[in-house]
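Structure record follows, encoded as structure tokens.
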Amino acid sequence: MAKIFICKVDDLTAGEMRKFETEIGELLVFNREGEYFVTDDQCTHATASLSEGDYFDDTISCPLHWGEFNIMTGEATAAPCKKPLRTYRVLVEGNEVYIDSELEAEAAMLK
């Protein structure tokens, strides 16, 4: 299994989100009480960085038009967002957070 390094576990406290630059672009990492989730940083409705939005109750809101997404599934949960947000399979090894790059490559081929 190939993987892409995202950040260190210690980079985020519980309940925090942060944008990280990776080899595949800007990704948003969420520490949900010790469980990590990774999504694209860009809103699917308009060009806006979700890292500037609000993170609450497993939801990230877009700072531009207040659309919302579920951080675990990527589902658009509030208008005007309709298209889901891309999520990634997360691997935590020791103090490091990765995503599965084989799944990323597979998703890119489906585009």
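How about region 23-33: which of its residues are under 15 Å from the mean Cα position of the chain (by Cα) and exposed (fewer than 15 other Cβ atoms within 10 Å of the Cβ)? Selection gives Glu23, Gly25, Glu26.
Considering (1) open to solvent by 20 Å² or more (accessible area, probe 1.4 Å); (2) part of a strand (DSSP E or B), the lone condition that Gly15 does not fulfil carries the number (2). Taking Gly74 and the conditions (1) open to solvent by 40 Å² or more (accessible area, probe 1.4 Å); (2) part of a loop (DSSP other than H, G, I, E, B), which numbered condition does it fall short on, given that it satisfies the others? Tallying (1) open to solvent by 40 Å² or more (accessible area, probe 1.4 Å); (2) part of a loop (DSSP other than H, G, I, E, B), Gly74 fails exactly one: (1). In this structure, does Asp58 turn out to be at pLDDT 95 or above, within 12 Å of the chain's Cα centre (by Cα) and surrounded by fewer than 16 Cβ atoms within 10 Å (Cβ to Cβ)? Against the criterion (at pLDDT 95 or above, within 12 Å of the chain's Cα centre (by Cα) and surrounded by fewer than 16 Cβ atoms within 10 Å (Cβ to Cβ)), Asp58 qualifies. Scan region 79-99 for residues that are closer than 16 Å to Glu26 by Cα and in a loop (DSSP other than H, G, I, E, B) and the total you get is 3. Listed conditions (1) part of a loop (DSSP other than H, G, I, E, B); (2) open to solvent by less than 70 Å² (accessible area, probe 1.4 Å) are all met by His45, apart from (2). Taking the criterion of being more than 15 Å from the chain's Cα centre (by Cα) and either open to solvent by less than 80 Å² (accessible area, probe 1.4 Å) or over 30 Å from Glu102 (Cβ atoms) (or both), the residues of region 78-91 that qualify are Ala78, Ala79, Pro80, Cys81. Kindly establish whether Ser51 is within 27 Å of Ala2 (Cβ to Cβ) and either in contact (Cβ under 8 Å) with a residue 24 or more places away in the chain or touching a helix residue (DSSP H, G or I) at 6+ places or on another chain (Cβ under 9 Å) (or both). Spelling it out, Ser51 is indeed within 27 Å of Ala2 (Cβ to Cβ) and either in contact (Cβ under 8 Å) with a residue 24 or more places away in the chain or touching a helix residue (DSSP H, G or I) at 6+ places or on another chain (Cβ under 9 Å) (or both). Sub-7 Å Cβ pairs linking a first residue in region 56-69 that is closer than 18 Å to Glu16 by Cβ and of a type in the set (Phe, Trp, Tyr) to a second residue that is in a loop (DSSP other than H, G, I, E, B) and open to solvent by 40 Å² or more (accessible area, probe 1.4 Å), at least 6 apart or interchain, are Phe69/Glu75, ordered by first then second residue. Of the candidates Gly94, Gly53, the single residue that is modelled with pLDDT of 95 or more, open to solvent by 30 Å² or more (accessible area, probe 1.4 Å) and within 26 Å of Glu23 (Cβ to Cβ) is Gly94.
The values are calculated or read from the model by the stated rules, or taken from the named source; none is laboratory data. Small disclaimer: the values here were computed from a predicted structure and weren't measured. Don't worry about glycine lacking a Cβ; one is built from the backbone with ideal geometry, like all the others, and counts go over all protein chains shown. Remember, those area values only see protein heavy atoms, side chains included, never the ligands or the DNA or RNA. Shrake-Rupley method; radii C 1.70, N 1.55, O 1.52, S 1.80 Å.
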